[in-house]
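Structure first, then comments.
The values are calculated or read from the model by the stated rules, or taken from the named source; none is laboratory data. Nothing here was measured: the structure is a model prediction, and the numbers come from that model. Note: ideal-geometry Cβ built from the backbone for every residue, glycine included; neighbour counts use all protein chains shown. Just the protein is used for accessible areas: all its heavy atoms, side chains included, with ligands, DNA and RNA removed. Shrake-Rupley method; radii C 1.70, N 1.55, O 1.52, S 1.80 Å.
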Amino acid sequence: MPDARRFVRQVLLPEIGASGQLRIEASVARVASPSSAASPPLAHEVAERYARGAGFGAVEEGPIDVASLAPPALVRTAAAGEVLAGARAALAAMRAALAGDA
């Protein structure tokens, strides 16, 4: 692990642990904003920050479906929807990495 202190909270979680953190570090999170910005930039910015904070080895371009990750029934503003969708996209990338799908 590059900086064990930085990820100690994640390593302490039984769902992640040291082996899970190593899987995250060896994985790619596909949540960065595509060069053809068809999806909202705020969602990608939030997702990218979460993914980098989680310790992904790389962050690449990838789609974020705001409508499915932040249904209008859950949020009142477009910005809130983008933030929620970005956070959920990063969490989905972590789950995939931990499951060995990333």
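Using a 1.4 angstrom probe, figure out how much accessible area the chain has per residue, in square angstrom, rounded to the nearest whole.
Dividing the accessible area of the chain by its residue count gives 59 Å².
Longest exposed-loop-site-free stretch of the chain, with trypsin sites (Lys or Arg not before Pro), DSSP loop and at most 13 other Cβ within 10 Å?
Values: sites that count: Arg5, Arg6, Arg76.
In short, 7-75.
Arrange the residues Leu22, Leu42 by how much accessible surface each exposes, largest first, with a 1.4 angstrom probe.
Details: Leu22 90, Leu42 60 Å².
From most accessible down to least: Leu22, Leu42.
Please give the length that would be gained between Ala18 and Thr77 if that part of the chain were fully extended, namely 0.36 nm times their separation in residues minus their C-alpha to C-alpha distance (nm, one decimal).
Here the answer is 17.5 nm.
Charges on Cβ only, +1 for Lys and Arg, -1 for Asp and Glu, centred on the Cα centroid of region 8-80; of Ser27, Pro63, Ala79, which one is farthest towards the dipole's positive end?
Ala79
For Glu82, what accessible area in Å² do you get when you roll a 1.4 Å probe over the heavy atoms of the protein chains, rounding to the nearest 10?
40 Å²
How large, in percent, is the carbon and sulfur part of the accessible surface of the chain at a probe radius of 1.4 Å? Don't jump to the answer; show the numbers that get you there.
Details: 3500 of 6040 Å².
Carbon and sulfur atoms account for 58 percent of the accessible area of the chain.
Could I get the Rg over Rh figure for the chain? Both from C-alpha atoms, Rh via Kirkwood, rounded to two places.
Numbers: Rg = 13.9 Å, Rh = 13.8 Å.
Ratio of gyration radius to Kirkwood radius for the chain: 1.01.
Give the relative contact order (percent, whole number) for region 18-102; include only Cα pairs under 8 Å separated by 6+ residues.
On the way: 140 pairs, mean separation 33.0, N = 85.
Relative contact order here is 39 percent.
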